[in-house]
Each structure stands twice: as C-alpha cells, then as structure tokens.
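Chemist: Would you mind keeping the following structure in view while I ask a few things?
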Amino acid sequence: MKKMALHWKILIGMVLGILFGLLMTFVSGGATFVLDWINPFGTIFVKLLKLIAVPLIIASLVKGISDLKDISKFKNIGVRTIVIYVLTTVVAITIGLVLVNVVQPGEGISDETINKLTQTYANSGGVQSKIAEASKQLKSGPLQFMVDMVPDNAIKAMSENKSMLQVIFFTIFLGISMLLIGEKNAKPLKDFFDSLNEVVLKMVDLIMLFAPYAVFALLANVVVSSNDPDLLVALLKYAFTVVGGLLLMIVFYMILVSLITKKNPFWFLKKLSPAQLLAFSTSSSAATLPVTMERVEEHIGVDKEVSSFVLPVGATINMDGTSLYQAVAAVFIAQALSFDLSFSDQLMIILTALLASIGSAAVPGAGMVMLVIVLESIGFPAEKLAIGLALIFAVDRPLDMCRTIINVTGDATVASIVAKSVGKLGKPNPKNWDDNYDNVK
Ligand code: ASP
C-alpha cells in the first residue's frame with residue numbers, strides 16, 4: 001500500500017487537534033486536561049527540534065563552506081542572499097501598507113470595542129512584557145547588532161538557541177579557516193562534520209515521525225487557551241487584512257519560483273508543506289528550521305553550499321510575514337486611535353519594519369515586541385502604547401501562526417533563487433528514516 005504523504009498526516013493531526021480542542025472547551029475541566037496531559041507532547045516535540053538546531057547549523061554550514069573550495073563563491077552567495085532578503089521584505093511591507101490603507105480596518109472600530117479591548121489587555125502581563133522587552137532593545141546603540149553578532153565564547157553561544165547569529169558567525173569563521181589550511185589538512189575535521197550532518201538529518205527524519213501527533217497536541221492547546229471569541233470577531237477586518245497580505249506574499253513567491261527557478265510553484269509548495277504546517281503549529285521559524293533545511297535540500301534540491309547559509313541566516317533576519325504584519329498593525333492601531341499618519345510616517349514604517357523584522361527573534365510573539373519600536377518611530381505617544389497593543393493582542397496568536405508560514409516560505413524561496421543563480425539547484429534526493437534500517441535491526 002502506498003504510504004500517506006507526510007503533509008497529509010500532519011494536516012489530519014492539525015484538524016483533529018483543533019476539533020479536540022474545541023470539544024474540550026465545552027467539557028468542564030477540559031482545558032486543564034489539555035494543558036496537563038496533551039500539551040506536554042507538543043512541547044517535547046518543539047524541544048526536540050530545537051535540540052538539533054545548533055548541531056545542524058554547525059555541521060551543515062561547515063560542510064557547505066568546505067565544499068565550496070573557493071572563498072569568493074561564498075561572498076557571491078552571501079551578497080545575493082542579503083540583497084534578495086531585503087528586497088522581498090520591502091515588497092512585503094509595501095503590500096501590507098497598501099492593503100491597510102485601502103481596507104482601513106481601523107476606521108470601523110467602535111469606542112466600545114476599544115474600551116473593552118483596553119480593559120481586557122492593556123494592563124495584562126502579555127502586553128506589558130512586550131513593551132518592557134521592546135524598551136530594553138531600544139536602549140542599545142545603532143551598531144549594537146554587530147557587536148551582538150560576535151560571540152566572546154563559542155561554547156556559550158552554542159549553548160543558547162537565542163544566539164543563532166553568533167553560532168553562524170563562528171561557523172563561517174571556522175569554515176573559511178578550514179578552506180585556508182588546504183584540503184589535506186582540513187580532511188579529518190571535514191569528515192567529522194560531514195558525518196555529523198548526515199546523523200542530524202536522520203534525527204530530523206526520526207523526529208518528524210512524531211509530527212502528526214505533536215501538531216495535534218500543539219493545536220488543541222492553542223484552541224483551549226485562545227481568547228474571548230467576541231473580541232476575535234471585532235478584529236476580523238484587521239485579521240483578514242493581514243491574512244490577505246500574507247496570501248499575496250505566497251502568490252509573489254510562487255511567481256518568483258516559477259520565473260526564476262523555472263520550477264512548478266505548486267510542486268515547490270507541496271515539497272515545502274511539512275515545514276509550513278510546522279511553522280503554523282509552532283509559531284516559530286527557529287523551531288521549524290531543521291525541517292525547512294531538510295525539505296529544501298532533500299526534497300527541493302538546493303545544494304547544501306547554499307541552503308546551509310541562506311536558511312539559518314533567513315530564519316533570524318528574514319521575516320517577510322512579520323514585517324507585513326507590523327506594517328498593517330501599526331497603521332491599524334493609528335487608524336483606530338485616530339492618530340494621523342503622514343506619507344513620510346508611512347515611509348518610516350517601511351524602514352523600521354524592515355529593521356524590526358531583522359531584529360525580531362524567530363520565536364512566538366516576537367513580532368509584537370518589535371511592533372512597539374515601529375510605533376515609537378512614527379511618534380506614537382508612549383502612554384497609548386499599551387492601548388495600541390491591547391487592540392491587536394486577542395488575534396496575535398493566530399496571526400503569528402500565519403505569518404510564521406510566510407517567514408519560512410520566504411526563506412525557502414530565496415534559498416532556491418540564490419541556488420538557481422549560482423547553478424546549485426539540482427535534483428531532489430529525499431531520504432527516509434529507515435533507508436538503512438534493514439542492516440541494523
Ligand atoms: N513567530 C515568528 C517567527 O518565529 C516571529 C513573529 O512574527 O512573531 O517567525
């Protein structure tokens with residue numbers, strides 16, 4: 001019998017998880033049951049993915065760079081990647097701004113709804129912690145991001161998933177130095193990392209066996225812990241504006257894939273879909289990264305020389321979904337609270353949303369922290385910040401799930417484009433967890 005494709009299994013898990021979560025909201029004690037007995041399996045799954053992220057980045061980036069044989073190629077890939085990342089993000093923000101100005105989701109919001117949202121969320125821990133975190137980030141100087149990128153202790157950097165850029169910096173440094181000592185001298189280290197890379201990719205295959213059950217747990221938990229449905233309805237126009245923009249981004253990526261890589265965009269989306277579904281279920285592009293790397297390399301055919309650099313860097317700095325959301329949310333809040341925005345304010349949003357998406361961590365809810373910075377850059381009054389965030393807080397989680405799909409899809413699209421442009425988009429070569437099982441069982 002033909003095995004069911006992974007994305008179908010994950011989708012079924014997601015649908016059942018949502019239905020189960022809905023059912024549990026009607027049962028007394030249902031939410032606590034999900035929290036105590038179901039959610040831990042989702043958490044374990046996310047932890048497993050994060051567990052292998054650092055070894056995977058190191059092994060695959062060392063392999064990628066040491067396969068290059070010449071450093072100028074790496075510079076070539078690096079420059080293209082950053083330029084295309086910035087361009088796609090600017091397109092995303094522009095789409096967001098155009099949509100929010102045309103649809104004007106903030107205009108119809110009644111004072112009553114604003115009051116209700118303010119009362120419910122403005123002083124809540126969620127909103128206050130986002131503002132506090134943003135003010136911490138604001139205090140740093142303009143070049144702080146460069147200082148932060150350089151670790152002073154390689155082992156410490158590797159011990160924290162937050163320090164992804166530091167790990168990437170150290171690994172590129174290591175890889176380039178390996179090229180410089182010549183093939184013969186670098187061979188033992190290269191063989192070690194090649195083998196580690198194979199092993200970690202196998203770990204991804206094994207973890208993914210668990211994915212359909214894990215997404216069940218993750219989504220059941222999202223449903224039972226979601227906010228007041230009445231408030232969600234009041235924000236539907238805003239939510240649809242964000243989702244509409246995100247859908248346009250998918251269309252944009254499909255056009256890029258078809259025009260530049262000459263691949264069928266539907267085939268591309270199908271191959272990437274397990275990573276997209278996980279992005280939706282976990283709301284974290286960092287947690288999804290190992291799966292994105294596996295899908296892009298083995299199932300889409302991007303060479304490791306490209307994907308090992310483009311994808312980890314993208315997970316941290318390229319967030320098209322997040323930047324689109326920040327543009328829509330900033331203007332929505334301004335509209336709802338009658339704060340006039342000039343044309344130059346909107347240009348300022350493009351610039352700050354671009355920087356903010358680069359600075360956003362690839363974890364759930366990070367986009368909202370950086371939204372505070374976008375709002376402050378257009379002179380939004382500090383005393384109204386909590387009210388502004390309260391307006392969008394109720395729908396933040398579902399929108400976070402959707403924008404994370406775009407963040408991951410954007411990274412994969414750019415990886416394919418860069419690969420094509422340097423002649424490194426080859427034939428897919430998918431591997432299964434049990435390819436070698438018969439020999440060891
Ligand atoms: N959750 C998003 C991500 O991990 C970031 C955000 O928009 O909050 O990609």
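Chemist: Please report the orientation-averaged projected area of segment 315-356, defined via the convex hull of its C-alpha atoms, in nm².
Modeler: Average projection, Cα convex hull of segment 315-356: 2.8 nm².
Chemist: Over the chain, what is the relative contact order in percent, taking alpha-carbon pairs closer than 8 angstrom and at least six residues apart?
Modeler: After rounding, I find 30 percent.
Chemist: With contacts defined as alpha carbon pairs under 8 Å and 6 or more residues apart, what's the relative contact order of segment 259-322 in percent?
Modeler: 29
Chemist: Summarise the accessible area of the chain (1.4 Å probe, protein heavy atoms) by the percent that is carbon and sulfur.
Modeler: Ligands and nucleic acids excluded, carbon and sulfur reach 67 percent.
Chemist: Just need the relative contact order of segment 229-342 here, percent rounded to a whole number, with Cα pairs under 8 Å and 6+ apart.
Modeler: 23
Chemist: Give me the distance in nm between label points sitting 7 Å out from Cα along the Cα-to-Cβ direction at LYS262 and ASP111, one decimal.
Modeler: Simple spin-label model gives 6.3 nm for this pair.
Chemist: Report the local net charge at GLY321: Lys and Arg +1, Asp and Glu -1, summed over other residues whose C-beta lies under 11 Å from its C-beta.
Modeler: -2
Chemist: Also: What Rg and what Dmax come out for segment 138-233 when only alpha-carbon atoms are used, in angstroms?
Modeler: Just the Cα atoms of segment 138-233 yield Rg and Dmax of 21.0, 67 Å.
Chemist: Quick one: Cα centre-to-centre distance for segment 32-70 and segment 188-251, in angstrom?
Modeler: 12
Chemist: Over every pair of different alpha-carbon atoms in segment 1-117, take the mean of 1/r and invert it; report that Kirkwood radius in Å.
Modeler: Hydrodynamic radius (Kirkwood, Cα pairs) of segment 1-117 is 20.6 Å.
Chemist: Take each of the peptides 252-260, 188-196, 348-356, 58-66, average the number of other beta-carbon atoms within 10 Å over its residues, and list them starting from the highest.
Modeler: Answer by packing, highest mean first, reads 58-66, 348-356, 252-260, 188-196.
Chemist: State which helices in the chain qualify, where a helix is a whole DSSP H run, it must extend 27 Å or more along its own axis by its Cα atoms, and its mean Kyte-Doolittle hydropathy must be at least -0.5.
Modeler: Span-like helices, by this rule, are 6-26, 39-68, 71-103, 183-208, 236-256, 396-421.
Chemist: Using a 10 Å cut-off on Cβ atoms, rank the peptides 315-323, 164-172 from the highest mean neighbour count down.
Modeler: Descending mean neighbour count gives 315-323, 164-172.
Chemist: Can I ask one more? Show me the ranking of peptides 266-274, 300-308 by mean Cβ neighbours inside 10 Å, starting with the highest.
Modeler: 300-308, 266-274
Chemist: Sum up the charges of everything whose Cβ sits under 14 Å from the Cβ of LYS162, counting Lys and Arg as +1 and Asp and Glu as -1, but leave LYS162 out.
Modeler: 0
Chemist: Give me the Kirkwood hydrodynamic radius of the chain, using the inverse of the mean 1/r over all pairs of distinct Cα atoms, in Å to one decimal.
Modeler: When all Cα pairs of the chain are included, the Kirkwood radius is 22.6 Å.
Chemist: Can you tell me how segment 12-72 classifies by the Cα gyration tensor, rounded, prolate or oblate, using a/c under 1.5 as the rounded cut?
Modeler: prolate
Chemist: Would you mind classifying segment 386-441 by shape? Square roots of the alpha carbon gyration tensor eigenvalues, ordered a ≥ b ≥ c; an a/c under 1.5 is rounded, otherwise it is prolate if a/b is larger than b/c and oblate if not.
Modeler: Because a/c hits 1.5 or more and a/b fails to exceed b/c, segment 386-441 counts as oblate.
Chemist: Let me ask something else about it. How would you classify segment 192-252 from its alpha-carbon gyration tensor, with a ≥ b ≥ c the square roots of the eigenvalues: rounded for a/c under 1.5, else prolate if a/b is greater than b/c, otherwise oblate?
Modeler: It is oblate, given that a/c is not under 1.5 and a/b is not larger than b/c.
Chemist: Here's a follow-up. Lys and Arg at +1, Asp and Glu at -1: add these up for the other residues within a Cβ distance under 10 Å of GLU183 and post the number.
Modeler: +4
The values are calculated or read from the model by the stated rules, or taken from the named source; none is laboratory data. The structure displayed is predicted, hence computed values, not measured ones. Methodologically, a virtual Cβ is constructed for each residue, glycine included, from the backbone with ideal geometry; neighbour enumeration extends over all protein chains shown. To get the accessible areas, we keep the full protein, side chains included, count just its heavy atoms, and leave off ligands, DNA and RNA. Shrake-Rupley method; radii C 1.70, N 1.55, O 1.52, S 1.80 Å.
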